[in-house]
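A.B. asks: Please see the structure below; I have some questions.
The values are calculated or read from the model by the stated rules, or taken from the named source; none is laboratory data. All values reported here derive from a predicted model rather than from experimental measurement. Positions of Cβ are backbone-derived with ideal geometry, glycine not excepted, and every protein chain shown enters the neighbour counts. All accessible areas refer to the heavy atoms of the entire protein, side chains included, with ligands and DNA or RNA removed. Shrake-Rupley method; radii C 1.70, N 1.55, O 1.52, S 1.80 Å.
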Amino acid sequence: MPNDNIYLLKDLAHLTGLSVYTIKYYLNLGLIKEVNRSPETHFRYFNDSTVENLQKIRAFRKKGKSLKEIKRELL
């Protein structure tokens with residue numbers, strides 16, 4: 001999607017209210033994916049769909065859903 005905004009991990013944390021640690025945990029679980037990574041700095045890059053998925057995850061968690069249930073919902 002060429003019109004997508006590009007975000008760093010700290011941007012995602014600011015936009016979603018989640019901690020960087022929590023976002024990294026969700027990355028490790030496969031709930032979200034980076035869209036690119038800089039070979040020089042190793043910074044991870046994300047897009048608008050990642051922000052949307054994190055907002056969905058947060059809403060599911062508030063409803064008491066487990067991470068396994070959320071993964072099934074998102075995939």
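A.B. asks: Could you list, in sequence order, the residues of segment 35-47 that are surrounded by 14 or more Cβ atoms within 10 Å (Cβ to Cβ) and not β-branched (Val, Ile, Thr)?
C.D. replies: Arg44, Tyr45, Phe46, Asn47
A.B. asks: A further question on this structure: So which residues in segment 11-33 are surrounded by 16 or more Cβ atoms within 10 Å (Cβ to Cβ) and not in a helix (DSSP H, G or I), if there are any at all?
C.D. replies: Once the filter is applied, which keeps residues that are surrounded by 16 or more Cβ atoms within 10 Å (Cβ to Cβ) and not in a helix (DSSP H, G or I), segment 11-33 yields Leu18, Leu31, Ile32.
A.B. asks: Yes or no: Ile6 open to solvent by 100 Å² or more (accessible area, probe 1.4 Å) and either modelled with pLDDT of 95 or more or out of contact with any Ser or Thr (no Cβ under 6 Å at 6 or more places or on another chain) (or both)?
C.D. replies: yes
A.B. asks: Would you mind finding the one in Glu69, Glu73, Glu52, Glu34 that is of a type outside the set (Phe, Trp, Tyr) and touching a strand residue (DSSP E or B) at 6+ places or on another chain (Cβ under 6 Å)?
C.D. replies: Testing whether each residue is of a type outside the set (Phe, Trp, Tyr) and touching a strand residue (DSSP E or B) at 6+ places or on another chain (Cβ under 6 Å) leaves just Glu34.
A.B. asks: Within the set of pairs 6 or more residues apart or between chains, which connect a residue that is open to solvent by less than 60 Å² (accessible area, probe 1.4 Å) inside segment 48-70 to a residue that is hydroxyl-bearing (Ser, Thr, Tyr) with Cβ atoms less than 6 Å apart?
C.D. replies: Final answer for the pair search is Leu54/Thr16.
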